[in-house]
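What follows is a single structure, written as structure tokens, with notes after it.
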Amino acid sequence: MPFTRPIGLALVAAVTLVVGGGGCNPPAGQRIDNAKASFQTADPPDPKYLPLVHFDDIPLPNNFILNRNVSFSYVHGTLRVLDLHLSGLTRAEDVAKFLLTQMQAHQWVLERATGEPYDRLLEFTKQEEKAKLRVSVAGKMTLLHIKVDRR
């Protein structure tokens, strides 16, 4: 039974690797010690930076500190997910007003604004996304939680 051409080529390549060693032998006169591969885990990214390049349309108030232990951002194709937890000393009322005007300036449509001046929830939509922004107070700190994902 004759070999078909692709199978014959594969058989010739396999025999060449077995007989010739496939280039796995060390050069003559050299010995390879500890030929095992070693793998190390990658260093975590620098915690000073959070990639927000795909979230240019989400305004952040100045002088707010990001809690990196619970915040994250994720972008894959057209899917964007953002979950930020920030804190600062700016009055909650002023932060809510800033977010209201700046989100609308970035073409977000206000769907709902509820709550008191010290615990305000703002919900926006833009194309296929929704954004929930909660401004609240804890002691002397103003807390800001921003969440963006698909509708």
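Throughout, read-outs are computed from the coordinates displayed, never taken from laboratory work. Values in this document were obtained by computation on a predicted structure and should not be read as measured data. All Cβ positions, even for glycine, are placed from backbone atoms using ideal geometry, and neighbour counts span all protein chains on display.
Apart from one condition, ASN69 fits all of (1) in a strand (DSSP E or B); (2) free of Cβ contacts under 8 Å to residues at least 60 places away in the same chain; (3) within 25 Å of the chain's Cα centre (by Cα); the exception is (1). Looking at the structure I just gave you, is HIS76 surrounded by fewer than 15 Cβ atoms within 10 Å (Cβ to Cβ) and in contact with a Pro (Cβ under 9 Å, 6 or more places away or on another chain)? No: the conditions fail for HIS76. Restricting PHE64, PHE55 to those that are surrounded by 15 or more Cβ atoms within 10 Å (Cβ to Cβ), under 13 Å from THR142 (Cα atoms) and touching a residue at least 60 places away in the same chain (Cβ under 8 Å) reduces the list to PHE64.
No other residue among TYR118, TYR74 is among the hydroxyl-bearing types (Ser, Thr, Tyr) and without any contact (Cβ under 8 Å) to a residue 24 or more places away in the chain apart from TYR74. Among the residues of the range 96-110, is there at least one that is charged (D, E, K, R) and surrounded by 13 or more Cβ atoms within 10 Å (Cβ to Cβ)? Scanning the range 96-110, I find at least one residue that is charged (D, E, K, R) and surrounded by 13 or more Cβ atoms within 10 Å (Cβ to Cβ), so the answer is yes. The residue that is surrounded by the fewest Cβ atoms within 10 Å (Cβ to Cβ), among those in the range 86-95 that are over 8 Å from THR142 (Cα atoms) and either in contact with a Lys or Arg (Cβ under 9 Å, 6 or more places away or on another chain) or of a type in the set (Lys, Arg) (or both), is GLU93.
Looking across the range 132-151 at every residue that is among the basic types (Lys, Arg) and outside any strand (DSSP E or B), the one that is farthest from GLU93 (Cα to Cα) is identified as ARG151. Identify the residue in the range 134-151 that is of a type outside the set (Asp, Glu) and under 19 Å from the mean Cα position of the chain (by Cα) and, among all such residues, is surrounded by the fewest Cβ atoms within 10 Å (Cβ to Cβ). Selected residue: ARG151.
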